[in-house]
Amino acid sequence: MALALHHIVIDAHDLPGLARFWCRVLDWKVLSEREREVVIGTDASAPVGICFMPSPDGKSVKNRLHLDLAPDDQEAEVERLLGLGARRVDVGQGAEVGWVVLADPEGNEFCVLRPKRSLIAFR
């Protein structure tokens, strides 16, 4: 079957601002910036990117889909992301979990995991 994940789409109020935040988080770059769409990725031929699209709706509940980020050093990465404008959020995760829940400047939750070696195994 010839099918591949192309973009992860995030609804936003400030498309360029949120795109710049995620570029700093992921060390990606803006690949295309138009009034109603901003695309970021490592380069134009990357296997997947993030596309920011306008939405008039405000965020009111926990995301049903979120990104999990796997750094080499969880504590240092959380501090770096907080410095970029992320904030800590409580979505009911409890204190004994192996991840930290943060939100981007528009309130979209994402997790910073402990370092990982595979998609299915804990390190």
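The values are calculated or read from the model by the stated rules, or taken from the named source; none is laboratory data. Note that the structure is a prediction, hence the values are computed from the model and not measured. Here the Cβ is made from the backbone with ideal geometry for all residues, glycine too, and neighbour counts use every protein chain on show.
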Q) Residues Asp73, Asp90: which one is surrounded by 11 or more Cβ atoms within 10 Å (Cβ to Cβ) and among the acidic types (Asp, Glu)? A) Asp73
(Q) For region 30-63: of the residues being loosely packed, with under 13 Cβ neighbours inside 10 Å and among the hydrophobic types (A, V, I, L, M, F, W, C), which is farthest from Gln93 (Cα to Cα)? (A) Ala44
Q: Please identify the pairs in which a residue from region 57-78 that is without any contact (Cβ under 8 Å) to a residue 60 or more places away in the chain has its Cβ atom under 6 Å from the Cβ atom of a residue that is of a type in the set (A, V, I, L, M) and outside any loop (DSSP other than H, G, I, E, B), counting only partners at least 6 apart or on another chain.
A: Asp68/Leu113; Leu69/Val112; Ala70/Leu113; Gln74/Val112; Glu77/Val112; Val78/Val100; Val78/Val112
**Q.** Val9, sole failed condition from (1) under 27 Å from Leu119 (Cα atoms); (2) part of a strand (DSSP E or B); (3) without any contact (Cβ under 8 Å) to a residue 40 or more places away in the chain
**A.** (3)
Q: With respect to Leu3, determine if the residue is outside the structural domain of Arg114 (by TED's automatic domain parsing), surrounded by 15 or more Cβ atoms within 10 Å (Cβ to Cβ) and more than 23 Å from Lys116 (Cβ to Cβ).
A: no
Q. Among Val89, Val39, which is under 17 Å from the mean Cα position of the chain (by Cα) and outside the structural domain of Ile120 (by TED's automatic domain parsing)?
A. Val39
